[in-house]
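Below you will find the structure I want to go over with you.
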Amino acid sequence: MPRPPAPAAVERHPHLADSCPAGWVRVDFHTHTMWSGDSTTTPEEFAQCLSECGIDVVCITDHNAVRGAQQLQGELDARVVIGEEMKTHAGEIIGLFLAERVPQGLAPVAAAQAVKSQGGLVYIPHPFDPLRNNLRHDVLDELVGEGLVDGIEVLNAKTSLSSLNSRASRYASEHGLAPGAGSDAHVAEALGGAYLEMPDFRDDDPAGFLASMRQGWAVGHHYDPPRRWKPRIVPSVGSGD
């Protein structure tokens, strides 16, 4: 049975009060922990807010790192997809279902191929939002043309202009890409701000996950509160582990 969201989470994200279809799950495709370097969300904070919002599956997509996702897998009240948001010279790309870290600084095609070589999925975050280090448009077209893109983020909770999310949704439809949605949470309270409702899938089956994405729909709203930075020791991301 789905876990009901806590009142505090519903107050932040009212859509959490709506029911999810039987046999479906809520998947947040885009989240960050303190392993990202630009987030100070500790594992404890992440676990608490994730439990409160009732998300079933969380893709942990730290910047140029997978160690946080690996350490949290099996430790949360949600299933974890190991991902990475990697920086290229032309913008960011997310890899999902990764076994190991993809080095930062690769050319976009090489980064996408590195994800595919692990059996992972290539997912393009915030594709048209210039404030989110979006992938350059001509490069996005190139990757799509070469069949290297599986899914695209049609709802990013940190994107303030709904027109940009709508443009992403149209692009997905025009190019046959699976839709995804995520909170892009850099603070724990943002978890659940946006997600995809989709049929359930096997955790060891990226192809099944992708097929479920194609049947899903995005739910969420804009949610980008000021970050309350706190003094703490965070992992070194210099090695990207």
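Considering only segment 93-110, how many residues are part of a strand (DSSP E or B) and closer than 15 Å to N133 by Cβ?
Result for segment 93-110: 2.
Restrict the check to segment 206-219 and report whether at least one residue is within 14 Å of the chain's Cα centre (by Cα) and under 12 Å from P127 (Cα atoms).
no
Scan segment 147-180 residue by residue and report those that are in contact with a helix residue (DSSP H, G or I) (Cβ under 9 Å, 6 or more places away or on another chain), small (G, A, S) and within 15 Å of F128 (Cα to Cα).
Within segment 147-180, G151, A157, S160, G180 meet the criteria.
Moving to a separate point now. Could you list all residues from segment 26-42 that are more than 15 Å from the chain's Cα centre (by Cα) and either among the charged types (D, E, K, R) or modelled with pLDDT of 95 or more (or both)?
D38
Collect the residues in segment 118-133 that are touching a strand residue (DSSP E or B) at 6+ places or on another chain (Cβ under 9 Å), within 17 Å of L177 (Cα to Cα) and not aliphatic (A, V, I, L, M), keeping them in residue-number order.
G120, Y123, P125, H126, P127
Now a separate question. Looking at D150, is it under 16 Å from D28 (Cβ atoms), in contact with a strand residue (DSSP E or B) (Cβ under 9 Å, 6 or more places away or on another chain) and touching a residue at least 40 places away in the same chain (Cβ under 8 Å)?
No: the conditions fail for D150.
Would you mind telling me which numbered condition in (1) modelled with pLDDT under 95; (2) surrounded by fewer than 19 Cβ atoms within 10 Å (Cβ to Cβ) V187 fails?
Single failed check for V187: (2).
Would you check which residues across segment 112-165 are of a type in the set (S, T, Y), buried (at least 19 other Cβ atoms within 10 Å of the Cβ) and outside any strand (DSSP E or B) and list them?
T159
Turning to a different aspect of this structure: Within segment 66-82, can one find any residue that is in contact (Cβ under 8 Å) with a residue 40 or more places away in the chain and closer than 17 Å to A188 by Cβ?
There is at least one residue in segment 66-82 that is in contact (Cβ under 8 Å) with a residue 40 or more places away in the chain and closer than 17 Å to A188 by Cβ.
So which residues in segment 63-89 are of a type in the set (A, V, I, L, M, F, W, C) and buried (at least 20 other Cβ atoms within 10 Å of the Cβ)?
Listed by number, the residues that qualify are A65, V66, A69, L72, A78, V80, V81, I82, M86.
Could you please tell me which pairs satisfy a Cβ distance under 9 Å, a separation of 6+ or placement on different chains, a first residue in segment 208-220 that is under 13 Å from Y195 (Cα atoms) and at pLDDT 95 or above, and a second residue that is assigned to a helix (DSSP H, G or I) and not charged (D, E, K, R)?
Partner pairs satisfying both residue conditions: A218/N165; A218/S169; V219/H15; V219/L16; G220/H15.
Would you check if S169 is touching a residue at least 12 places away in the same chain (Cβ under 8 Å), polar (S, T, N, Q) and assigned to a loop (DSSP other than H, G, I, E, B)?
no
So, one more: Which of the following residues is surrounded by fewer than 18 Cβ atoms within 10 Å (Cβ to Cβ) and either under 19 Å from G120 (Cβ atoms) or more than 15 Å from the chain's Cα centre (by Cα) (or both): R3, R12?
Result of the check over R3, R12: R3.
For segment 171-180, which positions are over 15 Å from E85 (Cβ atoms) and either hydroxyl-bearing (S, T, Y) or touching a strand residue (DSSP E or B) at 6+ places or on another chain (Cβ under 9 Å) (or both)?
Y171, A172, S173, H175, L177, A178, P179
The values are calculated or read from the model by the stated rules, or taken from the named source; none is laboratory data. All of these numbers come straight from a predicted model, not from anything done at the bench. A quick note on method: Cβ atoms are made from the backbone with ideal geometry, for glycine too, and the neighbour counts reach across all protein chains shown.
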